[in-house]
Amino acid sequence: MDDRGVRRVMRRPLVVGNWKMNGTRRSSIELAEMIAKNFSSSSVECAVCPPAIFLSDVASALVGSEVCLGAQAVSQFEQGAYTGEVSADMLADFSCAYVLVGHSERRACFGETSNQVAAKFVAAQSKGLTPILCVGETLAERRGDRALEVIAEQLGAVVDAAGLKALSSAVVAYEPVWAIGTGEVASPAQAQEILAFIRARLGENAKAVRLLYGGSVNAENAAQLFGQQDIDGALVGGASLQAEQFLTICRLAEA
Ligand code: PGA
């Protein structure tokens with residue numbers, strides 16, 4: 001087996017659809033059914049993250065398929081007087097396998113700090129969910145040559161709270177803020193540079209940790225990204241709302 005083959009055995013490629021705050025109950029069920037019916041792979045794992053209110057409907061639509069369910073956000077608190085929040089226990093109860101933590105939209109629009117993100121990471125893992133930790137720099141930070149510093153800080157907060165070993169059973173997604181929803185995808189070399197940096201910081205268990213790239217991934221640019229040494233899949237926003245395109249990206253992760 002060549003180096004790439006060994007890598008694929010250690011780290012099964014993962015493609016995750018982040019539906020964000022889009023769709024209706026009906027359209028979410030239809031999208032889930034389309035993906036469930038047409039996704040089958042012995043080598044790639046696929047998950048979709050619908051809006052929380054549709055988790056139950058989408059879970060039903062995925063029954064009997066190979067597609068996993070994920071959530072877009074989780075509370076750091078276990079239970080109680082936290083109006084509007086959804087706990088890790090509740091997500092596990094709806095058979096979620098994954099949950100996004102630290103998505104840049106949560107950090108920017110809802111003021112989530114790296115320490116809160118770390119607490120959410122711990123809460124998710126404590127209930128058996130696999131956190132997909134999102135990290136990434138803004139355009140100003142990249143232009144100021146601060147991308148690595150920012151990512152080290154975002155990662156460091158989770159390492160401090162959960163310990164390095166906890167990261168080995170999680171997924172980390174590099175999502176440069178300037179590439180999210182903009183159509184301006186990072187170049188494969190840019191993404192690879194940051195993901196290699198992230199892997200180097202994950203210590204001795206890093207070889208088994210799946211690292212994703214996210215930010216304007218589509219059916220046209222996915223193959224080049226997946227060709228990079230440290231890119232084990234993608235976190236897909238806009239393009240995950242079209243079943244055909246999302247399924248194509250999943251297929252490209254197989255190659
Ligand atoms: P995008 O979103 O693919 O629409 O850029 C990615 C994300 O926010 O996870």
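The values are calculated or read from the model by the stated rules, or taken from the named source; none is laboratory data. A quick note: this is a predicted structure, and the numbers were derived from the prediction, not measured. All Cβ positions, even for glycine, are placed from backbone atoms using ideal geometry, and neighbour counts span all protein chains on display. Accessible surface areas use protein heavy atoms only, side chains included; no ligands, DNA or RNA. Shrake-Rupley method; radii C 1.70, N 1.55, O 1.52, S 1.80 Å.
I'd like to know which of Ser42, Ile53, Ser65 lies farthest towards the positive end of the charge dipole of the stretch 3-254, counting +1 on Cβ of Lys and Arg and -1 on Cβ of Asp and Glu.
Value computed over the given set: Ser42.
Under 10 Å, Cα contacts only: if you run a Gaussian network model on the chain, which one of Ala124, Ala191, Ala161 comes out with the highest mean-square fluctuation?
Maximum among the listed residues: Ala161.
If I take every Cα pair under 8 Å that is 6 or more residues apart in the chain, average their sequence separation and divide by the length, what percent do I get for the relative contact order? It would help to have the intermediate numbers written out before the result.
On the way: 493 pairs, mean separation 52.6, N = 255.
Across the chain, relative contact order equals 21 percent.
Just for the chain, what percent of DSSP beta bridges are antiparallel, to the closest 5?
Counting only bridges with both partners in the chain, antiparallel ones make up about 0 percent.
Probe radius 1.4 Å, ligands and nucleic acids left out: which of Glu105, Glu220, Glu175, Glu204 has the largest accessible area, and how do the rest follow? Let's see the in-between values first.
Values: Glu105 65, Glu220 155, Glu175 10, Glu204 175 Å².
Largest accessible area first, the residues go Glu204, Glu220, Glu105, Glu175.
Specify the residue with the greatest mean-square fluctuation among Met21, Met34, Met90, computed from a Gaussian network of the chain linking alpha-carbon atoms under 10 Å apart.
Met21
Can you compute the FRET efficiency between Asp160 and Ser42 using 1/(1 + (r/R0)^6), with r the Cβ-Cβ distance and R0 = 51 Å? Round to the nearest 0.05.
Computed FRET efficiency for Asp160 and Ser42: 0.85.
Give me the extension gain from Arg7 to Arg25: residue separation times 0.36 nm, minus the current Cα-Cα distance, reported in nm with one decimal. Before the final figure, lay out each step's value.
Working: separation 18, 0.36 × 18 = 6.48 nm, distance 3.84 nm.
Here the answer is 2.6 nm.
Out of Gly237, Gly64, Gly215, any idea which swings most in a Gaussian network model of the chain, alpha carbons joined below 10 Å?
Gly64
Relative to the compact-globule scaling 2.2 N^0.38 Å, provide the ratio for the alpha-carbon radius of gyration of the chain.
My calculation over the Cα atoms of the chain gives 0.93.
Kindly provide the helix-only [θ] at 222 nm of the chain, computed as the sum of -39,500 (n - 2.57) over DSSP H runs of four or more divided by all residues, to the nearest 500 deg cm²/dmol?
Rounded to the nearest 500, the figure is -12500 deg cm²/dmol.
Would you mind pulling out the separation of the Cα centroids of the stretch 129-206 and the stretch 15-67, in Å?
The stretch 129-206 and the stretch 15-67 have Cα centres separated by 25 Å.
In the chain, carbon and sulfur make up what percent of the accessible area (probe 1.4 Å)?
Within the chain, the accessible surface is 52 percent carbon and sulfur.
Quote the relative contact order of the stretch 1-153 in percent (integer), defining contacts as alpha-carbon pairs under 8 Å separated by 6+ residues.
17
When we measure straight from the Cα of Lys37, which aspartates and glutamates land under 19 angstrom away, once same-chain ones fewer than 8 places off are left out?
Cross-link targets: Glu45, Asp57, Glu66, Glu244, Glu254.
What dipole magnitude, in Debye to the nearest 20, does the chain give about its Cα centre under +1 on Lys/Arg Cβ and -1 on Asp/Glu Cβ?
Once rounded to the nearest 20, the dipole reads 240 debye.
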